[in-house]
Amino acid sequence: MVVAELAQYVATGLLVGGVYALMSIGLALIFGVMRVVNFAQGDFMMLGMYLTYFYALAGVDPLLGALLTIPPFFVLGWIVHRGLLARVTGGGDPQRQMDAQLILTPTPRGIRTAYATQAFTVGPILLNEARSYAFAMALVLAAALWLFLTRTDAGRALRAAADDPEAASYQGIDVRAMHGLAFGAGIALVAAAGGLLATYYPIEPSVAVNFIVLMFVAVVLGGLGSIPGAFVGGLVIGLVQSLTLLALPFQLQNTGVFIVFLLVLYLRPQGLFGRRARTV
Amino acid sequence: MTEVAERLQVPWLTLSYADSITERGFKYTFQTSPVSSVQAEQALELVTELAKKNNRPIKKAAIVGDNTAATVFFFKPLREKLLAAKGIELVVDEVWTPPLADATAIAQKLRATQPDIVFYGATNFPDSIQVLQKVKEFSVKAPIQGVGAWLVTPEYVKTLGKEMLDSIQTVVATHPMKGQEEIVKRFTQRTGEPFMTQDPLCTYGHVWLIKEAIEQAKSADPKAIRDALAKIDVTSGPAATSFYPNRIKFDERGRRVGATPLIVQWQGGEPFTVVPTAVATRPVAWHK
């Protein structure tokens, strides 16, 4: 019984962590290439949730809707990088939330899906269907990003621009374009994560504050700018949040996360993947 | 806000349930809602009676909710004395600071302990939706008794669907009662909202109460209105009938004398007043 309970906590933590991981790799990508700490990342996630909601109103399944957020948010990210980056990175969260509340209204919304309240049964463990699908899609998107970065010319150019912008430019790589690509891809990934989150989590203009700190913790935990590090960091946060409940009350759920975070920073200041993969 | 109102000597009418809001000796704060600690006692009395009538006596209870002020004051007396006094065992006591990362552990504990009632106070919408979805996913059958009007807003039925909400009930400071059909009709027509809830009804009552106070004070001066509110005793008209029982008189702390909560229950996608029966708009349907 104790083993089954522990297994349920682990499974739940991994499912929750999968979406954290996808949220975090977008942030890590932007930091890794541009050295920009994008505090607006959570707000783009919120907008991704809303776009998925509007897709759902039009009859599109939210899982597909989450994927369909990628192209428009890539373009949005690219435009923001080209024209508005300074303004976006300079503004404060309250202002963006107020803008969103004016346009989208503060009324919370939710996408009603059958799989949000159903579970796959694996022995004694229940795996929530919405979270399982979201986890699987997060893995696929993270793998797709990894393949793009390691197996394509554009991906290699992106990594070169991240490693040494000056040397990359001597090799004919348009570093500015690479920054646009990184920002667009980072925003598209977090929007897709928002879309997946929207399959089981209500949407409201202030939703970003519930996740932005965890995203940053995941990125720093994994090693600033490391894509695999951010992914593992997200999974670790989900796991620790879940397992903390075995020992501590709910009020201290995130205490476990921050204890692990501080321990990792103390023992390995560069983060889990910092030495081997400091950049993308 | 009440501190600012006190400094500026402007009367402040609140629908807050928190005991602390009228425990500071303020002269300008008037609370029309029954306070949380009183609501807990009254709500427990009401639900144990209901359960008995339906041959499902309450032996085990769970407390699940966040640590916001009104919820804390509701849970505290339940946890410390009220449940024990009725011989009810507290089998789950889970309180968190919003936002809640995941509600699986709560649903697991409820499923494992099978309480006869869950006292539920998740005032943050995303947290509450997560808990209710998990309760359904884990097939937890216990009746849910909420704490506050946040549980009966139109967003719930849009997000969860009417089937999932059916028979979930909550204690509120006020809700449309028998005899208020006309104001509800006007409200829904004018706003496009599907039904009227505590907050607009309270505000409606408060506006009429200010009008009564101004007329009694024969002045629009804030201090004169405050003095009129301190002495007011109305038992009829739109102000009084917006609250239960239909009387507005404040004690020296600014609390409405005799303020009693109502129980509102989701039935067919709409929340109805079910207790007390004298003002109920639907009979209560105890959880199957």
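Please determine, by comparing only the residues of the range B:1-21 that are β-branched (Val, Ile, Thr) and closer than 18 Å to B:VAL172 by Cβ, which one is nearest to the chain's Cα centre (by Cα).
Going through the range B:1-21, the residues β-branched (Val, Ile, Thr) turn out to be B:2, B:4, B:10, B:14, B:21.
This time we only want the ones that are closer than 18 Å to B:VAL172 by Cβ, so: B:14, B:21.
Details: B:THR14: 13, B:ILE21: 16 Å.
This residue is B:THR14.
Of the residues B:LYS76, B:LYS52, only one is at pLDDT 90 or above and either assigned to a helix (DSSP H, G or I) or in contact with an Asp or Glu (Cβ under 9 Å, 6 or more places away or on another chain) (or both); which? Please lay out each step first, then the result.
Numbers: B:LYS52 fails: at pLDDT 90 or above.
Result: B:LYS76 is the single residue among B:LYS76, B:LYS52 that is at pLDDT 90 or above and either assigned to a helix (DSSP H, G or I) or in contact with an Asp or Glu (Cβ under 9 Å, 6 or more places away or on another chain) (or both).
Filter the range B:73-84 for residues that are farther than 16 Å from B:VAL172 by Cβ and either in contact with a Gly (Cβ under 8 Å, 6 or more places away or on another chain) or in contact (Cβ under 8 Å) with a residue 12 or more places away in the chain (or both) and give the result. First the steps, then the outcome.
The first filter runs over the range B:73-84 and keeps only residues farther than 16 Å from B:VAL172 by Cβ, leaving B:75-84.
Of everything in the range B:73-84, those that are farther than 16 Å from B:VAL172 by Cβ and either in contact with a Gly (Cβ under 8 Å, 6 or more places away or on another chain) or in contact (Cβ under 8 Å) with a residue 12 or more places away in the chain (or both) turn out to be B:PHE75, B:LYS76, B:PRO77, B:LEU78, B:ARG79, B:LEU82, B:LEU83.
Restricting to the range A:157-210, name every residue that is of a type outside the set (A, V, I, L, M), in contact with a Phe, Trp or Tyr (Cβ under 9 Å, 6 or more places away or on another chain), closer than 21 Å to A:ALA142 by Cβ and within 14 Å of another protein chain (Cβ to nearest Cβ).
A:GLY194, A:THR199, A:TYR200
Report, by residue number, each residue of the range B:91-117 that is aliphatic (A, V, I, L, M), more than 18 Å from A:LEU239 (Cα to Cα), more than 8 Å from every other protein chain (Cβ to nearest Cβ) and surrounded by 17 or more Cβ atoms within 10 Å (Cβ to Cβ).
As a first pass, look at the range B:91-117 and keep what is aliphatic (A, V, I, L, M): B:91-92, B:95, B:100-101, B:103, B:105-107, B:110, B:112, B:117.
The next check asks that each one be more than 18 Å from A:LEU239 (Cα to Cα); those that pass are B:91-92, B:95, B:110, B:112, B:117.
Applying the additional criterion that residues be more than 8 Å from every other protein chain (Cβ to nearest Cβ) yields B:91-92, B:110, B:112, B:117.
Those that are aliphatic (A, V, I, L, M), more than 18 Å from A:LEU239 (Cα to Cα), more than 8 Å from every other protein chain (Cβ to nearest Cβ) and surrounded by 17 or more Cβ atoms within 10 Å (Cβ to Cβ): B:VAL91, B:VAL92, B:LEU110, B:ILE117.
Go through the range A:114-163 and give me each residue that's under 20 Å from A:MET23 (Cβ atoms) and not hydrophobic (A, V, I, L, M, F, W, C).
Residues satisfying the conditions are A:ASN128, A:ARG131, A:SER132, A:TYR133.
Which count do you get for residues in the range A:123-155 that are more than 14 Å from chain B (Cβ to nearest Cβ) and surrounded by fewer than 16 Cβ atoms within 10 Å (Cβ to Cβ)?
Total meeting the criteria: 13.
Are there any pairs, at least 6 apart or on different chains, whose C-beta atoms fall under 9 Å, with the first in the range B:19-36 and over 20 Å from B:VAL207 (Cα atoms) and the second assigned to a helix (DSSP H, G or I) and among the aromatic types (Phe, Trp, Tyr), and if so, which?
B:ASP19/B:PHE73; B:SER20/B:PHE73; B:VAL35/B:PHE73; B:SER36/B:PHE73; B:SER36/B:PHE74; B:SER36/B:PHE75
Filtering the range B:236-264 down to residues that are touching a residue at least 60 places away in the same chain (Cβ under 8 Å) and assigned to a loop (DSSP other than H, G, I, E, B), which residue is surrounded by the most Cβ atoms within 10 Å (Cβ to Cβ)?
B:PRO261
Could you list all residues from the range B:125-152 that are among the polar types (S, T, N, Q) and more than 9 Å from chain A (Cβ to nearest Cβ)? Talk me through it step by step, then tell me what you get.
Quick first cut of the range B:125-152, residues among the polar types (S, T, N, Q) only: B:128, B:130, B:133, B:139, B:145.
Once the filter is applied, which keeps residues that are among the polar types (S, T, N, Q) and more than 9 Å from chain A (Cβ to nearest Cβ), the range B:125-152 yields B:SER139, B:GLN145.
List every residue pair whose Cβ atoms lie under 8 Å apart, where the two residues are 6 or more positions apart in sequence or sit on different chains, the first residue falls within the range B:180-193 and is over 13 Å from B:PRO238 (Cα atoms), and the second residue, located anywhere, is in a loop (DSSP other than H, G, I, E, B) and of a type in the set (A, V, I, L, M).
From the range B:180-193, the pairs are B:PHE187/B:MET196; B:THR188/B:MET196.
The values are calculated or read from the model by the stated rules, or taken from the named source; none is laboratory data. Nothing here was measured: the structure is a model prediction, and the numbers come from that model. All Cβ positions, even for glycine, are placed from backbone atoms using ideal geometry, and neighbour counts span all protein chains on display.
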